[in-house]
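Okay, structure first, notes after.
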Amino acid sequence: MVNGGAFCVLAETVGSLAANICIDREQFVAVGLDINANHIRSAHKGWVYGKATPYHLGKTTQVWEIKIADEDGKLCCISRLTMSVIPKPTNPFK
């Protein structure tokens, strides 16, 4: 059985990957700012799938909706993830 914490981890992973694909990764990085999740039902068998859809893609913030469904397409969790887009840190060891 998948618990709510695992759904949050999956939602943040899917949303973070999507957010970082939408920016110039040579100059910026998107980092998590806030996450909210509503757990609709648990998943008892098989796979779960997450899909991220952007609500807002700004210069300094992004807001994503992540829906997680089971193999039968039944909604298990819906999450909203806010990302902060910041300048990429420099490597002090280079």
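What follows is calculated from the coordinates using simple rules that are stated; it is not laboratory data. Bear in mind the structure is a predicted one, so any value in this text is a computation, not a measurement. Glycine also receives a Cβ, built like all others from the backbone with ideal geometry; neighbour counts cover every protein chain displayed.
Numbers below:
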item	result
Within a Gaussian network of the chain (alpha carbon springs, distance under 10 Å), most fluctuating of Glu12, Glu65, Glu26	Glu26
For the chain, built as a Gaussian network whose Cα springs stay under 10 Å, the top-fluctuating residue of Ala18, Ala30, Ala52	Ala18
Likely footprinting exposure, Ile78, Ile68, Ile40, fewest C-beta neighbours within 10 Å first	Ile40, Ile78, Ile68
Nearest-ten-degree value, helix 4-21 long axis tilted from longest Cα axis of the chain	40
Tail weight of P(r) past 23 Å, computed on alpha-carbon pairs of the chain, percent	31
Spatial separation of Cα centroids for segment 69-94 and segment 35-62, in angstrom	9
Chymotrypsin sites (Phe, Trp or Tyr not before Pro) restricted to segment 1-52 and DSSP loop, no more than 14 other C-beta within 10 Å	Trp47
